[in-house]
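Trainee: Let me give you the structure first, and then I'll get to my questions.
Here, each number is a calculation from the coordinates, and none is a lab measurement. The structure presented is a predicted model; accordingly, all values stated were derived computationally and were not measured. Every residue, glycine among them, receives a Cβ derived from its backbone with ideal geometry; neighbour counts consider all protein chains shown.
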Amino acid sequence: MIKASELPQTLAVFPLPGALLLPRARLPLHIFEPRYLAMLDDALKSGQRVIGMVQPNEVPGREGLGLHTIGCMGRITQFSETEDNRYLVTLSGVSRFRILREVEGFTPYRRCDVSWDGFVRDLGPAEKDPGFDRAAFMGLLQRYFDTLDLSTDWDTLKEASDELLINSLSMLLELDAEDKQALLEAPSLATRRETLVTLIEFALRGGAGEDLMQ
């Protein structure tokens with residue numbers, strides 16, 4: 001477990017559209033680009049073995065790929081190398097961060113100075129959601145999966161804790177990158193759940209104004 005006093009002030013960042021990492025959740029990654037292979041090599045050599053996941057942010061009229069301000073740092077907790085020099089890793093979410101500035105340097109990957117202010121809660125125990133109506137949520141989720149012809153292990157979902165259920169769905173569902181960013185930036189588990197419900201309801205309406213929810 002990384003303590004607040006051990007959080008780095010400069011962090012290697014991995015801009016990956018649609019890849020959402022949340023505190024206390026796990027994200028599998030398949031790394032094959034040379035610059036990110038170098039990033040993983042450097043991270044594995046360090047004591048903390050951490051990198052920052054961040055959503056790209058395309059800014060009209062600006063050259064190069066921008067970055068959203070808020071990302072999430074993950075620690076490499078599983079790692080394997082394939083025969084053709086690709087990496088299969090699992091990141092365990094530690095804490096969100098705010099990008100202050102990008103650091104110029106000689107690494108092929110991007111590095112940023114970051115702030116951890118406002119995210120102390122991320123280092124604590126699992127969050128609760130006292131207002132969570134699980135039965136209503138599961139009913140909505142069933143309709144969503146049926147509409148999109150998706151399958152899942154419903155028994156596992158029913159047994160999952162509030163945080164594991166909400167965060168896992170936030171990470172796994174096929175949502176736009178901006179929607180993923182909104183879920184990342186949600187200040188609490190309850191807010192994230194409310195945002196996720198809104199996105200699911202919007203998808204069930206086909207993105208139109210007509211209300212299909214009964």
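Trainee: Under a GNM of the chain (C-alpha, springs under 10 Å), which listed residue has the highest mean-square fluctuation: 83, 185, 127?
Mentor: 83
Trainee: In addition: For a footprinting-style exposure proxy, rank 200, 166 by other Cβ within 10 Å, fewest first. Let's see the in-between values first.
Mentor: Numbers: 200 21, 166 27.
Final ranking by Cβ density, sparse to dense: 200, 166.
Trainee: Run down the lysines and flag those whose C-alpha is under 24 Å from the C-alpha of residue 45, throwing out any fewer than 8 positions away in its chain.
Mentor: 3
Trainee: Let me ask something else about it. Relative to the Cα centre, what is the charge dipole magnitude of the chain, using +1 at the beta carbon of each Lys and Arg, -1 at the beta carbon of each Asp and Glu, and rounding to the nearest 20 debye?
Mentor: 740 debye
Trainee: Among 38-48, 19-29, how do they line up from the highest to the lowest mean number of other beta-carbon atoms within 10 Å? Before the final figure, lay out each step's value.
Mentor: Values: 38-48: 14.2, 19-29: 19.5.
Answer by packing, highest mean first, reads 19-29, 38-48.
Trainee: Can you tell me which lysines have their Cα less than 21 Å from the Cα of residue 158? Leave out same-chain residues fewer than eight positions away.
Mentor: 128
Trainee: Could you work out how far helix 162-172 tilts from the main Cα principal axis of the chain, as a 0 to 90 degree angle to the nearest 10?
Mentor: Relative to the chain, helix 162-172 is tipped by roughly 70 degrees.
Trainee: For region 134-204, what is Rg from Cα atoms divided by 2.2 N^0.38 Å, rounded to two decimals? Don't skip to the answer; put the middle values down first.
Mentor: Numbers: Rg = 11.4 Å, N = 71, 2.2 N^0.38 = 11.1 Å.
Normalised by 2.2 N^0.38 Å, the Cα Rg of region 134-204 equals 1.03.
Trainee: Per the Kirkwood formula on distinct C-alpha pairs, the Rh of the chain is how many angstrom?
Mentor: Working: mean 1/r = 0.0540 Å⁻¹.
Taking the inverse mean of 1/r over all distinct Cα pairs, the chain comes out at 18.5 Å.
Trainee: Tell me the trypsin sites (Lys or Arg not before Pro) within region 85-185 that lie in a loop according to DSSP and have at most 16 other beta-carbon atoms within 10 Å. Can you show the working numbers first?
Mentor: Details: sites: 86, 96, 98, 101, 110, 111, 121, 128, 134, 143, 158, 180; in loops: 86, 128.
Qualifying residues, ordered by number: 86, 128.
Trainee: Please tell me the relative contact order of region 68-214 in percent, rounded to the nearest whole number, where contacts are Cα pairs under 8 Å and at least six residues apart. All intermediate terms of the calculation are to be shown ahead of the outcome.
Mentor: Working: 142 pairs, mean separation 24.1, N = 147.
Taking the mean separation of contacting Cα pairs over the length of region 68-214, I get 16 percent.
Trainee: Under a Cβ-Cβ cut-off of 10 Å, what is the net charge of the residues other than residue 24 that fall near it, where Lys and Arg count +1 and Asp and Glu count -1?
Mentor: Values: positive: 26; negative: 122, 127, 163.
Once positives and negatives cancel, what remains is -2.
Trainee: Starting from the Kirkwood radius over alpha-carbon pairs of region 19-97, derive D by Stokes-Einstein at 20 °C in a medium of 1.002 mPa s and give it in µm² s⁻¹. Kindly include the intermediate steps, with their values, before the conclusion.
Mentor: Details: Rh = 13.4 Å.
Rounded, D is 160 µm²/s.
Trainee: Figure the gain on full extension for residue 148 and residue 35 (residue separation times 0.36 nm, minus the Cα-Cα span) and round it to one decimal in nm. Don't skip to the answer; put the middle values down first.
Mentor: Details: separation 113, 0.36 × 113 = 40.68 nm, distance 3.62 nm.
37.1 nm is the gain from fully extending residue 148 to residue 35.
Trainee: Still on this structure: Picking from 22, 37, 12, whose Cα lies most toward the positive end of the charge dipole for the chain (charges on Cβ: Lys, Arg +1; Asp, Glu -1)?
Mentor: Sorting the options by dipole projection puts first 12.
Trainee: 7 Å from Cα along Cα→Cβ at both residue 9 and residue 103: what's the point-to-point distance in nm?
Mentor: Simple spin-label model gives 1.0 nm for this pair.
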